[in-house]
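Structure first, commentary second.
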Amino acid sequence: MQRYATLWSKLKNKKFDFDTAQKILKDNSGSLNVALSELRKLGWLKVEFDPSDARKRVYKLEPLEKAFEELAKSKK
């Protein structure tokens, strides 16, 4: 939740890449991969392939309302 909040405060619903997330969160790549994967599994993060380079991914946070809805669903 803390990582989501930090990213949301800086980016809102703008698309971003791994390097941007790493700079904002000041996280090493291993733990950041895990964090982004967890956010995706919770439904708080959308992941797409970068149209200019299919090896890279582009991320976009779900709005706060949707994130909280998904959190409520996971607690049932």
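No value in this document is a laboratory result; all are computed from the given coordinates. Only a predicted model underlies this, so the values are computations on that prediction, with no experimental measurement involved. Note that we place each Cβ from the backbone using ideal geometry, even for glycine, and neighbour counts take in every protein chain shown.
General observations
- The count of lysine pairs in the chain whose Cα atoms are under 12 Å apart, excluding pairs fewer than 8 places apart on the same chain, comes to 8.
- The chain gives an Rg/Rh value of 0.96, both radii derived from C-alpha positions and Rh following Kirkwood.
- Amide N of segment 14-48 lying under 16 Å from the label point, which is placed 7 angstrom from the Cα of E69 along Cα→Cβ: 42-46
- Principal-axis tilt of helix 64-74 within the chain, Cα atoms, nearest 10 degrees: 60
- Annotation: amide H of D50 within the under-5 Å range of K56, R57, V58, sequence separation 5 or more or interchain, hydrogens built in the peptide plane.
- Our summary gives the chain a relative contact order of 33 percent, counting only alpha carbon pairs under 8 angstrom and 6 or more residues apart.
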